[in-house]
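Chemist: Handing you a structure now.
Just so it is clear, none of the values below were taken in a lab; they were calculated from the coordinates. In this text, all values refer to a predicted model and were calculated from it rather than measured experimentally. In this analysis, Cβ positions are derived from the backbone assuming ideal geometry, glycine residues included, and neighbour counts consider all displayed protein chains.
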Amino acid sequence: MSTRQQQSPRETRVGVGVLVRSSDGLVLVARRLAEPGQPLAVPGGKPDPGETLEQSAVRELAEETGLVVDPADARVFDCVLVADDTASWVVAGVEVSLPVRAADVEPRELEPTRIGGFAWIDPLAPPEGLFPATAAVLERWRPT
């Protein structure tokens, strides 16, 4: 018998983080209202059964912001592993490029108990206070 204390394995979950990039190079974020400190996060969530990562990203984007894009315009650029106290998350970073400047995009707060206060940030110089999965995805993203 091992003297090491046995830890129960963490649940592993899959999610998507959507980097919505405007034509002027900014990325959309919002406050996660249910999280301590209300960190900034890109839109995202969990894939539904049978969805591709791109379909999931487009659906989550529409549900959270009202922005509608074609799944063919979404591309997975990387995956990251993010762990917290209860689970490990494999998060796919999915980029969606909009053909307009950030000032011309009007996201709507469609989940006001979860997400609020949209802002556009420079992804190459992100602010402090990012949600861990968002920070990890931004670290892996490179502009094309």
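Chemist: For a quick check: sort 106, 64 by the number of other beta carbons within 10 angstrom, fewest at the front.
Modeler: So the residues, fewest neighbours to most, are 106, 64.
Chemist: Let me ask you something else. Which whole-number percent is the relative contact order of the chain (Cα, under 8 Å, 6+ apart)?
Modeler: In percent, rounded to a whole number, it is 33.
Chemist: For Cα extents along the principal axes in Å, the listed values are [x] 64, 41, 35; [y] 63, 34, 30; [z] 55, 48, 28; which was obtained by calculation from the structure presented?
Modeler: It is the one labelled [y].
Chemist: Per residue of segment 96-103, what does 6.51 cos²θ - 1.76 cosθ + 1.60 with θ = phi - 60° give for ³J(HN,Hα)? Whole Hz please, x for Gly and Pro, Karplus curve as stated.
Modeler: Per residue, the Karplus-derived 3J(HN,Hα) values read 10, 9, 9, x, 10, 6, 4, 4 Hz.
Chemist: Okay, helix-only estimate at 222 nm for the chain: each DSSP H run of n ≥ 4 adds -39500 (n - 2.57), divide by all residues, round to 500 deg cm²/dmol; what do you get? Intermediate results must be reported in sequence, preceding the final value.
Modeler: Numbers: 2 runs with 22 residues, N = 144.
Counting only the DSSP helices, I get -4500 deg cm²/dmol.
Chemist: Taking the mean number of other Cβ atoms within 10 Å as a proxy for protection, how do you rank 121-127, 87-93 from highest to lowest? Before the final figure, lay out the partial values.
Modeler: On the way: 121-127: 13.0, 87-93: 18.3.
Final packing ranking: 87-93, 121-127.
Chemist: On to the next question. Placing +1 on the Cβ of each Lys and Arg and -1 on the Cβ of each Asp and Glu in the chain, which of 58, 40, 117 has its Cα farthest towards the positive end of the resulting dipole?
Modeler: Toward the positive end, the furthest listed residue is 40.
Chemist: In nm, to one decimal, how far is the residue 34 label point from the residue 48 one, both placed 7 Å along Cα→Cβ?
Modeler: Between residue 34 and residue 48, the label points sit 1.8 nm apart.
Chemist: Now a separate question. If you stretched the chain out fully between residue 122 and residue 81, how much longer would it get, using 0.36 nm times the residue separation minus the C-alpha to C-alpha distance?
Modeler: Numbers: separation 41, 0.36 × 41 = 14.76 nm, distance 2.29 nm.
Contour length minus the Cα-Cα distance gives 12.5 nm.
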